[in-house]
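Asker: Below you'll find the structure I mean.
The values are calculated or read from the model by the stated rules, or taken from the named source; none is laboratory data. These numbers were taken from a predicted model, which means no experiment stands behind them. The area values use the complete protein model at the heavy-atom level, side chains included, leaving out ligands, DNA and RNA. Shrake-Rupley method; radii C 1.70, N 1.55, O 1.52, S 1.80 Å.
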Amino acid sequence: MKKQFAVIGLGRFGSSVCKELFQLGHEVLAIDSNDDKVNAISKYATHAVIANGTDENALKSLGIRNFEHVVVAIGDNIQSSILCTLLLKELGIEQVWVKAQNYYHQRVLEKIGADRIVHPEKDMGIRVAQHLVSEKIIDYIDLSEEYSIVELIATDKVSDKTLIDLNVRAKYGCTILAIKRGEDVNVSPFPEDIILKNDILIVIGHKNDLKRFEEEGM
Ligand code: ATP
């Protein structure tokens, strides 16, 4: 289903959010106070406009109230980011997602009602570190402090084996949710399904169990 998004602030983060949403087929209103940034994004957004995200009247005249999701990606200027977020929440935008610059910025954003706060540099740093430590981990999602979902690349050790052979749940306490092979995703693997080298296993479990599986089982 097509959704409507607005992205305010078109630095590297905001512009890549904007492009991706647009390429996924959604309507995107891209806003920045800098005309070069607006011109650069115009091919990758439904509308691209020069406006100040801290100007309440400008936001209203853009019809921002009609958007359910707005991303605030104003980076260095923490004051503008906070004011813009506050205005959007006061205007009744349901989902305001904001890029935070640091921990104090995050705390203020939480107080004024930002619905989701992202730290792209910090999150990416963690991801890169995970990849550096283990080449088997392709990606992961943290579900909580303790539980995650990871994508692991099938090594020789598990290839040509069935899920019964591996017995991951009993041995490691984690569950293989799906197996990706090229473009195919087997979302409800049978116990007899065979894993091939370079398949991607999507595994859920406690972080300690996942680590054990990745280190000892793969
Ligand atoms: P990135 O790391 O994603 O490139 P950044 O943290 O360096 O971003 P900035 O370049 O500081 O972020 O800001 C992102 C964008 O936000 C810039 O293009 C800037 O012009 C725009 N911007 C800053 N203040 C406002 C504002 N009040 N209204 C609209 N856009 C703004």
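Asker: Which angle from 0 to 90°, rounded to the nearest 10, does the C-alpha axis of helix 120-133 make with the longest principal axis of the chain?
Answerer: Compared with the principal axis, the helix lies near 20 degrees.
Asker: Starting from one equal scatterer on each C-alpha and no solvent at all, send me the Debye-based log10 I(q)/I(0) for the chain at q = 0.18 Å⁻¹, two decimals.
Answerer: Scattering profile of the chain, log10 relative to I(0): -1.11.
Asker: Between the range 95-143 and the range 37-55, how many Å separate their Cα centres?
Answerer: Distance between centres, Cα-based: 25 Å.
Asker: Which of rounded, prolate, oblate describes the range 104-218, given a ≥ b ≥ c as roots of the alpha-carbon gyration tensor eigenvalues and a/c under 1.5 marking rounded, otherwise prolate only if a/b is larger than b/c?
Answerer: prolate
Asker: Using θ = phi - 60° and the Karplus curve 6.51 cos²θ - 1.76 cosθ + 1.60, what whole-Hz ³J(HN,Hα) does each residue of the range 151-164 get, with Gly and Pro shown as x?
Answerer: Karplus-based 3J(HN,Hα) across the range 151-164 equals 9, 10, 8, 5, 9, 4, 4, 10, 6, 6, 10, 8, 5, 5 Hz.
Asker: Continuing with the same structure: If each DSSP helix of 4+ residues adds -39,500 (n - 2.57) and the sum is divided by the residues in the chain, what number results at 222 nm, nearest 500 deg cm²/dmol?
Answerer: After summing the helix terms and dividing by the residues of the chain, the value is -9500 deg cm²/dmol.
Asker: Return the tail of the calculated pair distribution for the range 1-96, meaning the percent of Cα-Cα pairs more than 22 Å apart.
Answerer: Numbers: 765 of 4560 pairs.
Taking all Cα-Cα pairs of the range 1-96, the fraction more than 22 Å apart is 17 percent.
Asker: Please list the non-local residues whose amide H lies under 5 Å from the amide H of residue 117, H modeled 1.01 Å from N, same-chain partners needing a gap of 5 or more.
Answerer: Under 5 Å from the amide H of residue 117: 98.
Asker: Related question: Show which lysines lie in cross-link reach of residue 19 when reach means a straight Cα distance below 22 angstrom and same-chain residues fewer than eight apart are skipped.
Answerer: 2, 3, 37, 43, 99, 122
Asker: Additional query: State in Å² the accessible area per residue of the chain; use a 1.4 Å probe, count heavy atoms of protein chains only, and round to the nearest integer. Intermediate values should be presented prior to the final figure.
Answerer: Working: 12680 Å² over 218 residues.
Here the residues of the chain average 58 Å² of exposed surface.
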